[in-house]
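*Asks:* Take a look at this one; I'll ask things after.
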Amino acid sequence: MAVTPSSMLPLGTIAPDFTLFDTLSETNISLQNYHSDTATVIMFICNHCPFVKHIAQQLVKLTQDYQPKGIQFIAISSNDAKNYPADSPDKMSEMAKQLKFTFPYCYDETQAVAKAYHAACTPDFYIFDKNFACVYRGQFDDSRPGNAIPVTGKDIRAALDALLLGNDVSPDQKPGIGCNIKWLSAF
């Protein structure tokens, strides 16, 4: 596993639009269908990454806590499923059902969406405001496999709470750390 930091998309960047196959509903979904009057969270994750597995339960809890408040969530896996079969769409669907995802888990087969977002690792988080402008990018929290810091999602929660209160999100943000995205070819 190559430990890789987030690339930290510039704040204010408008979310690149996309239409992707959601492995949970087995339909194509569009970013525009997940517009929120408060925030939309885009998460680059995958099935096999130990960093994603480490936060998975708290990630589901986070979505359960914030979806009722009008926050939208979309998870995307952009890994090369041919060379990493644990990240194939059928396995993605299995994981989403097992963890009881209440949000789309989309497959970015061409990796065009990951490239458009400058995603570098799993997990990699982006929060966009009601105008789809990036207000947060980076880590879930300070917890990593083996560092004994509890998984809380405090960084994402702080950003979402600020938006819900109508406040600016602090620009003091830390890059996420995780496994590199498994690219089809040199990126």
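*Asks:* Hey, got the dipole for the chain? About the Cα centre, +1 on K and R Cβ, -1 on D and E Cβ, debye to the nearest 20? Could the numbers behind the result be given before it?
*Replies:* Details: 15 positive and 19 negative charges, 72 e Å.
Computed about the Cα centre, the dipole is about 340 debye.
*Asks:* Using each residue's phi in the range 36-48, evaluate 6.51 cos²θ - 1.76 cosθ + 1.60 at θ = phi - 60° and report the 3J(HN,Hα) Karplus result to the nearest Hz, with x for Gly and Pro.
*Replies:* Computed from phi, the couplings for the range 36-48 are 10, 6, 10, 6, 10, 9, 9, 10, 8, 9, 7, 6, 8 Hz.
*Asks:* At 7 Å along the Cα-to-beta-carbon direction for both Asp172 and Glu26, put a label point, then send me their distance in nm to one decimal.
*Replies:* 4.9 nm
*Asks:* So for the range 46-187: antiparallel DSSP bridges make up what percent, rounded to the nearest 5?
*Replies:* Antiparallel bridges: around 65 percent, rounded to the nearest 5.
*Asks:* If you take log10 I(q)/I(0) by the Debye sum over Cα atoms at q = 0.07, 0.11, 0.13, 0.18 Å⁻¹ from the coordinates, which of [x] -0.16, -0.41, -0.59, -1.24; [y] -0.53, -0.77, -0.86, -1.08; [z] -0.19, -0.47, -0.67, -1.36 do you get?
*Replies:* Recomputing log10 I(q)/I(0) by the Debye sum over Cα atoms at q = 0.07, 0.11, 0.13, 0.18 Å⁻¹ here gives the entry labelled [x].
*Asks:* Turning to a different aspect of this structure: Under 5 Å between amide H atoms, partner at least 5 residues away or on a different chain: which partners does Phe73 have, H built in plane at 1.01 Å?
*Replies:* Val41
*Asks:* What whole-number distance in Å separates the alpha-carbon centres of the range 1-59 and the range 128-158?
*Replies:* Spelled out, the Cα-based centre of one part sits 12 Å from the other.
*Asks:* Another one. Out of all DSSP beta bridges with both ends in the range 12-97, state the antiparallel percent to the nearest 5.
*Replies:* Approximately 45 percent, going by the DSSP bridge assignments.
*Asks:* Hey, which of these cross-link pairs are over 28 Å Cα-Cα: Lys91/Lys115; Lys91/Lys130; Lys69/Lys100? Each step should come with its number before you reach the end.
*Replies:* Numbers: Lys91/Lys115 23 Å; Lys91/Lys130 32 Å; Lys69/Lys100 19 Å.
Pairs exceeding the cut-off: Lys91/Lys130.
*Asks:* Suppose each label sits 7 Å from its Cα in the direction of the beta carbon; what would the Asp80-Trp183 distance come out to in nanometres?
*Replies:* My value for the distance between the label points is 1.0 nm.
*Asks:* Roughly what would the spin-label model give for Arg157 and Thr110, points 7 Å off Cα along C-beta, in nm?
*Replies:* According to this spin-label approximation, the distance is 3.9 nm.
*Asks:* Then there's this: Can you tell me the FRET efficiency between Gln57 and Asn131 if r is taken as the Cβ-Cβ distance and R0 is 25 Å, rounded to the nearest 0.05? Show your work: numbers first, answer last.
*Replies:* Numbers: r = 32 Å, r/R0 = 1.27.
My answer for the efficiency is 0.20.
*Asks:* If you don't mind, there's one more thing I want to ask. So if each residue of separation counts as 0.36 nm, and I subtract the Cα-Cα distance between Asp37 and Asp142, what length gain in nm does that give?
*Replies:* The span from Asp37 to Asp142 would gain 35.0 nm if fully extended.
*Asks:* Tell me which cysteines of the chain come out unpaired when the rule is another cysteine's Cβ under 4.7 Å.
*Replies:* Singleton cysteines: Cys46, Cys106, Cys121, Cys134.
Every read-out reported here was derived from the displayed coordinates using simple, explicitly stated rules and does not represent laboratory data. Quick caveat: nothing in here was measured; it's all calculated off a predicted structure. FYI the Cβ positions are ideal-geometry reconstructions off the backbone, even for glycines, and counts take in every protein chain you see.
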